[in-house]
Amino acid sequence: MIVTTKDLFKHAYGKYALGAYNINNLEQTMGLFQGNMQSKAPFMIQISRGARDYTDKRMLEAMIRTADEIWPDALFAVHLDHGDEATAMDCIESGFYSSVMIDASHEPFEKNIEITRKIVDAAHAKGVVVEAELGQLGGVEEDISVDEDKAHLTDPNQAVEFVEKSGCDSLACAIGTSHGAYKFTGGQGLHFEVIEEIQKRLPGFPLVMHGSSSVPQDEVARINAAGGSLKGAKGVDASQFKKAAELGVTKINIDTDGRLVWCRVHREHFRDVPENFDLRKPGKVFMAEYAKYIMGKNDLLGSTGRLDSVRKTLKT
Ligand code: G3H
Ligand code: 13P
Ligand code: ZN
């Protein structure tokens, strides 16, 4: 069942983080639902502008509605990832999305507030909640490239003013992560003190961590052994997720890791079975492997086994 992001956040806040997983196609959608159902975990489905361009927004919605019929016990929210103004407005108007992200983090502070406020007003009028971003991650976000050394962390004092003036419902904070498979050249460099300071100033307010794929090293090694070339790929230490959750991080965004599972499965399949040309063979393996990956991730997020308790709170 599609539920509100607000309800999921309320249940998770301070206890665990919801996995927010991106989908682009049928196999990802199937693996995602299978994994979360086996975990008995609530989750967030994220749709990016890139995903809406890759297929068609109606195809993505239809897949989600159908998955909802196949797995009626699932509890999840549907979220626009890194929306611009036009896409956020479109999603709000559609009535399908539980929440939208407006990402104006590349704009000056006041302009970011102004754009976010506009989306918040439109969203709240339709019962949709809004995630905004303050500070900038490194790496590549949609079409905006930010050099790692230029990325700046969220300023906790600015965060308070931003939340008050923009009216946003959750805040994506830059604490040293970046999007993609190449997050760190050296150590982890995660700035939990930033999160801690923001939580002190905004107690009870849900925070979001982007760029949180862990880029498993065994996955990278298998991809490279099967003909890939991912040199120096490195991700976030997922053992930090529970600590982040206790500090108010309620949603943790993961996309790249799913792509790595896809890449490994297909590279190994075509290396090992060169005579095959049936897409269903690696597709089937991918769905099972992705489901397994999701289950492991939910354990680290602390969302495993929470489904029944969420269901109870929805009834009250
Ligand atoms: O933050 C970006 C997400 O991983 C979505 O990626 O824009 O390539 O779909 P995408
Ligand atoms: P990763 O690239 O680390 O998976 O981050 C995804 C993300 O932040 C989507 O918004
Ligand atoms: Zn992101």
Problem - Counted residues, the range 48-87 - those being touching a residue at least 40 places away in the same chain (Cβ under 8 Å) and either more than 16 Å from ligand 3 (Cβ to nearest atom) or among the aliphatic types (A, V, I, L, M) (or both) - result: 10
Exercise for the section: Those residues that are surrounded by 14 or more Cβ atoms within 10 Å (Cβ to Cβ) and either of a type in the set (S, T, Y) or away from ligand 2 (no atom under 13 Å from the Cβ) (or both), I need them from the range 202-216; list them, please. Expected result: L202, F205, P206, L207, S212, S213, S214
Completion exercise
The condition of being more than 21 Å from I23 (Cβ to Cβ) and among the charged types (D, E, K, R) holds, among K234, K251, only for K234
Completion exercise
Of (1) more than 15 Å from ligand 1 (Cβ to nearest atom); (2) at positive phi; (3) not hydrophobic (A, V, I, L, M, F, W, C), G180 fails just (1)
Problem - From the options I252, I223, residue that is in contact with a Leu (Cβ under 8 Å, 6 or more places away or on another chain), surrounded by 15 or more Cβ atoms within 10 Å (Cβ to Cβ) and not in a strand (DSSP E or B) - result: I223
Fill in the blank from the handout: Taking first residues from the range 182-205 that are in contact (Cβ under 8 Å) with a residue 40 or more places away in the chain and second residues anywhere that are of a type in the set (F, W, Y), the pairs with Cβ under 7 Å that are 6 or more apart or on different chains are G204/Y13
Completion exercise
From the option list T250, T313, single residue qualifying as of a type in the set (S, T, Y), within 16 Å of L8 (Cβ to Cβ) and in contact with a Pro (Cβ under 8 Å, 6 or more places away or on another chain) is T250
Practice task
Considering only the range 31-47, state which residues are crowded, with 23+ Cβ neighbours inside 10 Å and either within 16 Å of ligand 3 (Cβ to nearest atom) or not polar (S, T, N, Q) (or both).
Solution key: G31, L32, F33, G35, A41, P42, F43, M44, I45, Q46, I47
Practice task
Check the range 15-27 and report whether any residue there is at negative phi, more than 16 Å from ligand 3 (Cβ to nearest atom) and small (G, A, S).
Solution key: no
Exercise for the section: Could you tell me which numbered condition E196 fails, if it satisfies all but one of (1) outside any loop (DSSP other than H, G, I, E, B); (2) touching a strand residue (DSSP E or B) at 6+ places or on another chain (Cβ under 6 Å)? Expected result: (2)
Exercise for the section: Would you please list the contacts, defined by Cβ atoms under 9 Å and residues six or more apart or on different chains, that run from a residue in the range 289-310 that is touching a residue at least 40 places away in the same chain (Cβ under 8 Å) to a residue that is acidic (D, E)? Expected result: Y290/E27; Y293/E219; Y293/D257; K297/D257; L307/D73; V310/D7
Completion exercise
Across the range 151-181, the tally of residues that are closer than 23 Å to G235 by Cβ, at pLDDT 95 or above and among the hydroxyl-bearing types (S, T, Y) stands at 2
Handout entry: the range 233-243, subset touching a residue at least 60 places away in the same chain (Cβ under 8 Å) and surrounded by 18 or more Cβ atoms within 10 Å (Cβ to Cβ), residue farthest from ligand 2 (Cβ to nearest atom)
Key = F241
Problem - Hits in the range 160-188 - residues which are away from ligand 2 (no atom under 14 Å from the Cβ) and either polar (S, T, N, Q) or within 30 Å of R264 (Cα to Cα) (or both) - result: S166, T185, G186, G187
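Yes/no matrix, rows are residues, columns are (1) within 12 Å of ligand 2 (Cβ to nearest atom); (2) at positive phi; (3) in contact (Cβ under 8 Å) with a residue 24 or more places away in the chain:
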position: D218; (1), (2), (3): no, no, no
position: A221; (1), (2), (3): no, no, no
position: K231; (1), (2), (3): no, no, no
position: A245; (1), (2), (3): no, no, yes
position: K251; (1), (2), (3): yes, no, yes
position: D255; (1), (2), (3): yes, no, yes
position: G258; (1), (2), (3): yes, no, yes
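The values are calculated or read from the model by the stated rules, or taken from the named source; none is laboratory data. Just so we're clear, the structure is a prediction, and the values are computed from it rather than from any experiment. Quick reminder, even Gly has a Cβ in these numbers, built from the backbone with ideal geometry, and neighbours come from all protein chains shown.
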